[in-house]
1. Measure off, as a whole percent, the carbon and sulfur share of the 1.4 Å-probe accessible area of the chain, all protein chains present.
2. Treating the beta-carbon of each Lys and Arg as +1 and of each Asp and Glu as -1, no other charges, what is the dipole magnitude of the chain about its Cα centre, to the nearest 20 debye?
3. Quick check: net charge around TRP111, other residues with Cβ under 13 Å of its Cβ, Lys/Arg +1 and Asp/Glu -1?
4. Normalising by the residue count of the range 1-45, find the relative contact order in percent from Cα pairs under 8 Å and 6+ residues apart.
5. What is the ratio of the Cα radius of gyration of the chain to 2.2 N^0.38 Å, with N the residue count, to two decimals?
Amino acid sequence: QVQLVESGGGLVQAGGSLRLSCAASGSFFSINVMGWYRQAPGKQRELVAAITSDDSTSFTNSVKGRFTISRDNAKNTVYLQMNSLKPEDAAVYYCAADFQLRQLQPTRRIWGQGTQVTVSS
């Protein structure tokens, strides 16, 4: 069974940094896009950053210049480096990835369980 396991969340003061990791495990053919979403209480889940298999990246406007996303294909892992954190960045952060489970099959999106990021002012 393919799964994503996140780590690295926690409590940080405003202006601080955190690095989230998300590792894929199980049997699959390939991983296409990997991304990080977040959901704050009472708000919709939003895409924070994404990275394609050829390392093209995209970010939501509110994190540009502060967050970076990277991936290690050998480890099937995606990272989110979050710098200059603000209280409004506090949320549950979810990792998601589009897997091709078998060659020639369409991709399937799989989600991680989420990790809490709390930013104190």
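The values are calculated or read from the model by the stated rules, or taken from the named source; none is laboratory data. Here the structure is a predicted model, which means the values were calculated and not measured. All Cβ positions, even for glycine, are placed from backbone atoms using ideal geometry, and neighbour counts span all protein chains on display. What goes into the accessible areas is simple: the full protein's heavy atoms, side chains included, and nothing from ligands, DNA or RNA. Shrake-Rupley method; radii C 1.70, N 1.55, O 1.52, S 1.80 Å.
1. That share works out to 46 percent.
2. Rounded to the nearest 20 debye, it is 120 debye.
3. +2
4. It comes to 37 percent, rounded to a whole number.
5. With N residues counted in the chain, Rg over 2.2 N^0.38 Å equals 1.04.
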